1. Given the condition touching a His at 6+ places or on another chain (Cβ under 9 Å), more than 18 Å from residue 53 (Cβ to Cβ) and in contact (Cβ under 8 Å) with a residue 12 or more places away in the chain, answer yes or no: does some residue in region 106-124 qualify?
2. Out of all the residues in region 90-135, which are in contact with a Pro (Cβ under 9 Å, 6 or more places away or on another chain) and either of a type in the set (D, E, K, R) or exposed (fewer than 12 other Cβ atoms within 10 Å of the Cβ) (or both)?
3. Residues that are at pLDDT 95 or above and of a type outside the set (Gly, Ala, Ser), at least 2 per element: which helices (runs of 4 or more DSSP H) completely within region 78-170 meet that?
4. Is it true that residue 38 is of a type in the set (Lys, Arg) and under 25 Å from residue 122 (Cβ atoms)?
5. Working carefully through the options 91, 141, find the one that is of a type in the set (A, V, I, L, M) and under 12 Å from the mean Cα position of the chain (by Cα).
6. In region 14-36, what residues are in a loop (DSSP other than H, G, I, E, B) and polar (S, T, N, Q)?
7. Would you confirm, using the coordinates I've provided, whether residue 49 is surrounded by fewer than 18 Cβ atoms within 10 Å (Cβ to Cβ), over 18 Å from residue 121 (Cα atoms) and in contact (Cβ under 8 Å) with a residue 12 or more places away in the chain?
8. Output the number of the condition that residue 143 fails; it satisfies all remaining conditions of (1) touching a helix residue (DSSP H, G or I) at 6+ places or on another chain (Cβ under 7 Å); (2) under 21 Å from residue 19 (Cα atoms).
Amino acid sequence: MKKKTEYLTKAAVIAAAYVALTYVSAVFGLAYGEVQFRISEALTILPVFCPAAIPGLTLGCLLSNISSTINPVDMVVGTAATLLACLGTRAARKIKIKGYPLLSFLCPILANALFVGAEIAVFTEGDVFLHAFGFAALSVAAGEAAVLFILGTALYYVIEKNGKLKNFLR
């Protein structure tokens, strides 16, 4: 019973942190749309350390996307992208290049580029899906990569170097 409670508590804290950080990004107009720089996406490296991060980030994304400009669709598509990204991140966690889990970092970038890029392209007016998809996918990937490689990398190394924090997340 204690393990289940601990798992659910970790997932809930991660979900709350994701929502709060997404809303901080939204204040600056960076949480939704073609140009996204969600500070909360730095947390998508947490499945490397913590399996409870998978439901936590997925729930956090779902709740965050209630405020999206295309909320019902974004709640489904964005949440699915986050779930797949988290599963990929967790699966690739042991594959490291010079101690860095590069493949784990690529999972959220690719999942969001494909899913959110397609979602944005569908809502682009006119008969330009492929062009809109290409632009949106690259734009979303660039924002995701910036957040992950700057903030996510910093977070990864803080956790990696802090034994207490690393053990807490397990």
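The values are calculated or read from the model by the stated rules, or taken from the named source; none is laboratory data. Please read all numbers here as calculations on a predicted model, not as lab measurements. Because the Cβ atoms are built from the backbone with ideal geometry, glycine has one as well, and the counts that use them run over all protein chains shown.
1. Filtering region 106-124 for residues touching a His at 6+ places or on another chain (Cβ under 9 Å) gives 121, 124.
Now restrict to residues that are more than 18 Å from residue 53 (Cβ to Cβ): 121, 124.
Adding the requirement that they be in contact (Cβ under 8 Å) with a residue 12 or more places away in the chain leaves 121, 124.
Looking for residues that are touching a His at 6+ places or on another chain (Cβ under 9 Å), more than 18 Å from residue 53 (Cβ to Cβ) and in contact (Cβ under 8 Å) with a residue 12 or more places away in the chain, one finds at least one in region 106-124, hence yes.
2. 90, 93, 94, 95
3. Details: elements: 102-122, 129-147, 153-161, 163-169.
By residue number, 102-122, 129-147, 153-161.
4. Values: of a type in the set (Lys, Arg): yes; under 25 Å from residue 122 (Cβ atoms): yes.
Answer is yes for this residue.
5. On the way: 91 fails: under 12 Å from the mean Cα position of the chain (by Cα).
Going through 91, 141 in turn, the sole match is 141.
6. At the first step, the residues of region 14-36 found to be in a loop (DSSP other than H, G, I, E, B) are 28-36.
Within region 14-36, just 36 meets the criteria.
7. Working: surrounded by fewer than 18 Cβ atoms within 10 Å (Cβ to Cβ): no; over 18 Å from residue 121 (Cα atoms): yes; in contact (Cβ under 8 Å) with a residue 12 or more places away in the chain: yes.
For residue 49, the condition - surrounded by fewer than 18 Cβ atoms within 10 Å (Cβ to Cβ), over 18 Å from residue 121 (Cα atoms) and in contact (Cβ under 8 Å) with a residue 12 or more places away in the chain - is not met.
8. Answer for residue 143: the failing condition is (1).
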